[in-house]
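Working notes for the structure below.
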Amino acid sequence: MKQYNNVVVFDHPLIRHKIAILRDEKTSMKEFRELVGEITTLMTYECLKEGVPTTEITVKTPLETCTQQVVKDNAIAIVPILRAGLGMVSGIHTLFPSALVGHIGLYRNEETLEPCEYYCKLPEGIEDKLVLVVDPMLATGGSACDAISLLKKRGCKTIKFMAIIGAPEGVARVAETHPDVSVYVSTLDRCLNENGYILPGLGDAGDRLFGTK
Ligand code: PRP
Ligand code: URA
């Protein structure tokens, strides 16, 4: 895949270890859900290294008073792409319990693979927040591109997109369509199959999270 300035692919042994278990068809729904949360927390730590709005506070230690940087209140909003993105929300809330959550419902038409929007509810004032759009799977990139476009239409200016597994096609599409958005994927897989599934991938993330198959 071409190199993009706005794409980060994690290469971390701990994340690789968890993804190996996540892929395994024998992994239970419970363990799958827990792993998605844990991987998201690890990704969030790295993803928020830059661009987080901070403010200065004064802290009195037992020895003296000092100035410290803290993350601004209500600075972050999470937007999961339904359904599978829901599985990543708890992983970010572990680090930022006060992050507001907006929801964008998209499903892929199984024949055209084009995303269809069926729901959108966003927190008031989202346009001024750092918005983390999350979806475990970045396949053709259609869903991610549409969700990001919708958020931009609503005035969002600072958007980061996080996926656990990305296909080269999808990563390239999001990176090129939205060069102002940072794209984070835990791992880059080989390609898509004829049905738009990621190979080797993990199957259908929504079904594995919610037990619908
Ligand atoms: C999956 C996944 C993404 C989308 C990725 O959702 O969670 O949202 O496909 O594919 P794309 O990059 O080709 O758009 P799906 O449409 O299966 O809906 P679900 O989460 O409700 O199962
Ligand atoms: N959506 C999934 O859940 N899995 C894929 O491999 C592709 C899209």
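If only one of 115, 80 is surrounded by 20 or more Cβ atoms within 10 Å (Cβ to Cβ), at pLDDT 95 or above and within 22 Å of residue 204 (Cβ to Cβ), which one is it?
80
Output the residues belonging to the stretch 160-189 that are among the acidic types (Asp, Glu) and over 17 Å from residue 12 (Cα atoms).
169, 176, 180
In this structure, is residue 84 in contact with a helix residue (DSSP H, G or I) (Cβ under 7 Å, 6 or more places away or on another chain) and of a type outside the set (Phe, Trp, Tyr)?
yes
Just give me the residues in the stretch 68-126 being under 15 Å from residue 136 (Cβ atoms) and away from ligand 2 (no atom under 16 Å from the Cβ), in sequence order.
Once the filter is applied, which keeps residues that are under 15 Å from residue 136 (Cβ atoms) and away from ligand 2 (no atom under 16 Å from the Cβ), the stretch 68-126 yields 78, 79, 89, 90, 91, 92.
Can you go through 205, 163 and tell me which one is among the aliphatic types (A, V, I, L, M), over 18 Å from residue 78 (Cα atoms) and at pLDDT 95 or above?
Exactly one residue qualifies, and that residue is 205.
From the list 163, 144, exactly one residue is without any contact (Cβ under 8 Å) to a residue 60 or more places away in the chain, within 22 Å of residue 5 (Cβ to Cβ), crowded, with 22+ Cβ neighbours inside 10 Å and within 12 Å of ligand 1 (Cβ to nearest atom). Which is it?
Testing whether each residue is without any contact (Cβ under 8 Å) to a residue 60 or more places away in the chain, within 22 Å of residue 5 (Cβ to Cβ), crowded, with 22+ Cβ neighbours inside 10 Å and within 12 Å of ligand 1 (Cβ to nearest atom) leaves just 163.
Report, by residue number, each residue of the stretch 10-23 that is in a loop (DSSP other than H, G, I, E, B) and surrounded by 12 or more Cβ atoms within 10 Å (Cβ to Cβ).
10, 12
Select, from 142, 206, the only residue that is out of contact with any Pro (no Cβ under 6 Å at 6 or more places or on another chain) and small (Gly, Ala, Ser).
Step by step, each of 142, 206 is checked, and only 206 is out of contact with any Pro (no Cβ under 6 Å at 6 or more places or on another chain) and small (Gly, Ala, Ser).
Of all the residues that make up the stretch 62-81, how many are part of a strand (DSSP E or B) and touching a residue at least 24 places away in the same chain (Cβ under 8 Å)?
Result for the stretch 62-81: 7.
So, in the stretch 76-131, exactly how many residues are more than 20 Å from residue 154 (Cβ to Cβ), of a type outside the set (Phe, Trp, Tyr) and over 12 Å from the mean Cα position of the chain (by Cα)?
So the count comes out to 13.
The values are calculated or read from the model by the stated rules, or taken from the named source; none is laboratory data. Not measured: the values here are computed from a predicted model. No Cβ is skipped: glycine too gets one built from the backbone with ideal geometry, and neighbour counts run over all protein chains shown.
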